[in-house]
Amino acid sequence: MNPTRLGRLMEAEMRDQPRVLAALADRFNSIGNAVAALFDSGAPVGVAFLARGSSDNAALLGRYAVELQTGLPTCLVAPSVATVYGREPAGFGGWLLIALSQSGRTPEIVDLTRRYVAAGAKVVAVTNDPDSALARTAHYTVALEAGPERAVPATKTVTGQMLAVLAIASGLGPGGVTQRAAAELPAAAADLLADTEAVDRAAALLATVDRLAVVGRSACYPAALETALKLQETTGVMAHGFSSADFRHGPIAVTGPGTPAVLLAGSGPADTDTLELRAPLTARYAPIVLAGTAIEASIGWPALGHLGECVLATIRGQQLALAVSRELGIDADHPSGLAKVTLTH
């Protein structure tokens, strides 16, 4: 089979991202204003994020944005605390819960959302289905309006969720991504999607290994986790995502001549830490794929100077996953043993 015919759905959905991002950028301020209007006192007591899988990586970006802009207590919910251990979220009155699910049908996400509502939290849902059970439970829903997504690996819904959480954060305090900054992303995404030569070269290397590390920090950390997940589900490679800070605490030991590291480093203040990993990785004879805004990056994206770069880093990760799967002759649209919606409880 012609390798370019493999993963055709995934590629088409990736190429739809500029449209999805543009529509969300147009609604950016209205989303922020609607979130702000949920709280008569002007701000929630704290902010919690509830998600699984790719949605959890988007939630992590949201946590960075909220903490940077507001200083509010912020957390990622562990669903099993309630669903398995039976501990109700009694202390979350006055909080904002941001629940993310592309389908809006994951049972534990819907169940937990109802429990947080009962505990007195205000809930914002981020989903591609505005008629889903999750949307019906929430006080306000950000509908991604991404259209059908048929490939098992989520792409346009993930970057849509990332921009959505930045819009939500904009309603909680000043100093974050603005609508004007968000409007830069669709054109930047289109440029990246048209540029695959360097990605294809990197994929030829990554297709020869069975394990690798994907490393980033701050805005690039959620993208590193998402890139590792995309490589896992499309190719079966043992890819792991790390914060560059955590990577130094031991996991760097997994790298070596046959175990490369993909470094994602944008233009933020935390990205220098990722770039500085090149010396110890070289000392370990580990192959390095550098993606980011540095002039020496083999896979680039433009320096925007804000958390929206996570969207661009994530698109580069999607491209890598698709290209590696094609190198291996794998159809990324239908990875073995995976379903589009994972019904965890």
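Quick note: the coordinates plus some simple rules give every number you see, no bench work behind them. For clarity, every value in this text was computed on a predicted model and none was experimentally measured. Backbone-built Cβ (ideal geometry, glycine too); neighbour counts: all protein chains shown.
For the pair His249 and Ala303, label points projected 7 Å from Cα toward Cβ lie 3.0 nm apart.
Charges at C-beta only: +1 for Lys and Arg, -1 for Asp and Glu. How large is the resulting dipole of region 3-182 about its Cα centre, in Debye rounded to 20?
Result for region 3-182 is approximately 200 debye, rounded to the nearest 20.
How do Glu226, Glu327 rank when sorted from fewest to most other Cβ atoms within 10 Å of their own Cβ? Don't jump to the answer; show the numbers that get you there.
Numbers: Glu226 33, Glu327 18.
Ranking Glu226, Glu327 by Cβ neighbours within 10 Å, fewest first, gives Glu327, Glu226.
Considering all different alpha carbon pairs of the chain, the Kirkwood hydrodynamic radius works out to 20.1 Å. Using just its DSSP H runs of length 4 or more, each adding -39500 (n - 2.57), the chain gives a mean residue ellipticity at 222 nm of -13000 deg cm²/dmol after division by all residues. The residue list Ala245, Val289, Thr235 was ranked by how far each Cα lies along the charge dipole of region 174-294 toward its positive end, using unit charges on Cβ atoms, and Ala245 comes out on top.
If you wrap a convex hull around the Cα atoms of region 21-78, how much volume per residue is inside, in Å³?
Each residue corresponds to 96 Å³ of Cα convex hull volume.
Inter-part distance, region 249-276 to region 125-164, computed on C-alpha centroids, equals 31 Å. Going from the fewest other Cβ atoms within 10 Å to the most, the residues Ser267, Ser54 appear in the order Ser267, Ser54. Applying 0.36 nm per residue to the separation of Glu197 and Arg105 and subtracting their alpha-carbon distance, the gain on full extension is 29.3 nm. Relative to the longest principal axis of the Cα atoms of the chain, the long axis of helix 17-26 makes an angle of roughly 30 degrees. Springs join every pair of Cα atoms under 10 Å in this Gaussian network model of the chain, and among Gly93, Gly53, Gly42 the largest mean-square fluctuation is at Gly42. Amide H contacts under 5 Å for Arg211: Met238, restricted to partners 5 or more places along the chain or on a different chain, H placed in the peptide plane at 1.01 Å from N.
Is any residue of region 251-270 close enough, with backbone N under 18 Å, to a label point placed 7 angstrom from the Cα of Leu76 along the Cα-Cβ axis, and if so, which? Inside the label zone: 251, 264. Net charge of the neighbourhood of Gly93, taken over other residues with C-beta under 13 Å away and scored Lys/Arg +1, Asp/Glu -1, is +1. Relative to the longest principal axis of the Cα atoms of the chain, the long axis of helix 107-118 makes an angle of roughly 30 degrees. Remark: the chain carries a charge dipole of roughly 440 debye about the Cα centre, counting +1 on each Lys and Arg Cβ and -1 on each Asp and Glu Cβ. Distances between placed amide hydrogens fall under 5 Å for Val45 paired with Trp95, Leu96, all partners being 5 or more residues away or on another chain.
For the pair region 1-69 / region 283-327, the C-alpha centres are spaced 20 Å from each other. Taking Cβ atoms as reference points and 15 Å as the exclusive limit, the residues near Glu276 contribute a net charge of 0, counting Lys and Arg as +1 and Asp and Glu as -1. Between Ser267 and His139, the FRET efficiency estimated from the beta carbon spacing at R0 = 30 angstrom works out to 0.25. Amide H contacts of Leu76 (H built 1.01 Å from N, in plane; Pro and chain starts excluded): Phe49 sit under 5 Å, all sequence-distant by 5 or more or on other chains. A Förster radius of 51 Å combined with the Cβ-Cβ distance from Arg8 to Ser30 puts the calculated FRET efficiency at roughly 0.90.
Listed from fewest to most Cβ neighbours within 10 Å, the set Ile109, Ile295 follows the order Ile295, Ile109. In order along region 73-81, the Karplus-derived 3J(HN,Hα) couplings, from 6.51 cos²θ - 1.76 cosθ + 1.60 at θ = phi - 60°, round to x, 9, 8, 9, 6, 9, x, 5, 4 Hz, and Gly and Pro are given as x. FRET efficiency for the pair Glu296 and Arg211, taken as 1/(1 + (r/R0)^6) with r the Cβ-Cβ distance and R0 = 22 Å, rounds to 0.30.
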